[in-house]
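Structure, as structure tokens:
Any read-out appearing in this document is the output of simple, stated calculations on the displayed coordinates, not a laboratory observation. Keep in mind that this is a model prediction, so the values were computed, not measured. Glycine gets a Cβ as well: all are built from the backbone with ideal geometry, and neighbour counts include every protein chain shown.
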Amino acid sequence: MRSPMTAWMRKQEEQMATTILGRKLGMSQVWSEDDQLVPVTVIEAGPCVVSQVKTRKTDGYDAVQLAFGDMKPAKANKPYAGHFAKAHVDPKRFVHEARLAEGESFKRGQKITVGVFDVGTKVDVVGTSKGKGFAGVMKRHNYHGGPGGHGSHFHRAPGSVGMCATPSRVLKGLGLPGHMGSETVTVKKLEIVRIDAEQNLLLLKGAVPGGKNGLLVIRAS
């Protein structure tokens, strides 16, 4: 019987077979072929460069490291600059490692563009959600809250959080006030509406995590 972890790892490898890094530019609207107004997110996807290739022989697994986003060479320290010098490319701002599917191969310095995707295909988008700061339980966990009428002394508080007797503690997983947002979020199966290869743009149907200029990882579903 295949273990759940093995199945999950195999699924991750299949999902990461087609991957590109991008930057969220904002949202817009486009007309579809059947005259429907479609909300889309505009993403500057790539071009990415392969800065490192890992193999089972050297690293124990097959993976490729993608780099995206120009940066001034003077801002790169010597180890970082030397890493990109091996690939004969200028230092990049962001790097991301993606597992390779069986039979796939890449070379150092190879460029990855939006041409790896087709219109109509589904992709998963990974990003960092917007930070909301410290939030209460009603905003953070959608709690109902207390009565809002006059005379009530319970409005937006979390209410009872534990037991006075057994087990005399706060149980794990209880929703409490705290920091909200700034978490890694994955939105699955977004449709590619349009591709602009000249400007390296991807138009995805719907919203993606994060704010403008946020770094995104786009991979085939």
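Between helix 4-15 and the chain there is an angle of about 50 degrees, using the helix long axis and the longest principal axis of the Cα atoms.
A simple spin-label model places the labels of residue 38 and residue 221 1.3 nm from each other, with each point 7 Å out along Cα-to-Cβ. Restriction of the chymotrypsin sites (Phe, Trp or Tyr not before Pro) in the range 134-212 to DSSP coil positions whose beta-carbon has at most 16 other beta-carbons within 10 angstrom yields 143, 154. The orientation-averaged projection of the convex hull spanning the C-alpha atoms of the range 137-209 amounts to 9.1 square nanometres.
For the range 72-136, the spread of Cα positions along the three principal axes, ordered from largest to smallest, is 48, 36, 21 Å. Exceedance of the 20 Å cut-off in Cα-Cα distance is limited, within the set 92/188; 92/122; 24/130; 57/78, to 92/188; 92/122; 57/78. Length available on full extension from residue 168 to residue 94: 0.36 nm per residue minus the Cα-Cα distance, which gives 21.9 nm. Put a dot 7 Å past the Cα of residue 197, heading toward its Cβ, do the same for residue 31, and the two dots end up 2.6 nm apart.
Orientation-averaged projection of the range 137-177 equals 3.5 nm² [convex hull of Cα atoms, one quarter of hull surface area]. The packing ranking, built from the mean of other Cβ atoms within 10 Å per residue, places the peptides 161-173, 119-131 in the order 119-131, 161-173, highest first.
A crude spin-label estimate for the pair residue 77 and residue 186, with each label 7 Å from Cα along the Cβ direction, gives 3.1 nm.
Beyond 32 Å, the tail of the calculated P(r) for the chain holds 39 percent of the Cα pairs.
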